[in-house]
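Written out below as structure tokens is the structure these notes cover.
The values are calculated or read from the model by the stated rules, or taken from the named source; none is laboratory data. Given the structure is predicted, the values throughout are model-derived calculations rather than measurements. So basically every Cβ, Gly included, is an ideal-geometry build from the backbone, and we count neighbours across all protein chains shown.
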Amino acid sequence: MSWAEANSEDGCVVIVPSGIYRVEAKGIDFNGSRFVSRIRVLLDGVGEVTLGDECGEAGTDSGQIGVADQQVLKSAFEARFGDDVDAALECLEDAFHSEVGVFVPEPGSETSLVYVPSGFGDGGGPVFPLLSGEKCVGIEHAFIDASDPF
């Protein structure tokens, strides 16, 4: 989610079980230029999953996208910055100095945001639930389709 989408009215919020999640990124090569084409966030310990029907779309305006517990992350930012959105955005921009990483908004907090580059940069793409049987245990977000021209 982009910081602008860190509320339930914008972006794509998918309800998943509480737990520890692993984040996987799939790369794609365009004649020697490598990009992240998809990101998958999956409840740790879950075996085989199937891709469900598209459940929404998420975008970015920062060239990177993050995944986190939206409510917990928003509460952590509000506790640290109050209503000062500029300070929160500056903190995020300062933190995203590498291509991939884990951002902790408040030192010592258990709240974290995993971030990766989002395909070609700014834009959006479909979000799909990852299903174990009928249960949603994660999401997959596509930035670049393998058939997209470079």
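Annotations
- Enumeration of residues in region 62-115 that are surrounded by 15 or more Cβ atoms within 10 Å (Cβ to Cβ), under 23 Å from Ala142 (Cβ atoms) and of a type in the set (D, E, K, R): Asp69
- In region 24-45, the count of residues that are surrounded by 13 or more Cβ atoms within 10 Å (Cβ to Cβ) and part of a loop (DSSP other than H, G, I, E, B) is zero.
- Region 115-133: number of residues that are farther than 14 Å from Leu43 by Cα and modelled with pLDDT of 90 or more: 3
- The C-beta contact set for region 86-114 (first residue under 22 Å from Val36 (Cβ atoms) and hydroxyl-bearing (Ser, Thr, Tyr), second residue at pLDDT 75 or above and in a loop (DSSP other than H, G, I, E, B), distance under 7 angstrom, 6+ apart or interchain) comprises Ser112/Ala68; Ser112/Val104.
- Some residue of region 98-108 being part of a loop (DSSP other than H, G, I, E, B) and aliphatic (A, V, I, L, M): yes
- Candidates Glu48, Glu134: the one that is acidic (Asp, Glu) and within 16 Å of Arg22 (Cβ to Cβ) is Glu48.
- Taken together, the residues in region 120-150 that are part of a loop (DSSP other than H, G, I, E, B) and touching an Asp or Glu at 6+ places or on another chain (Cβ under 9 Å) amount to 2.
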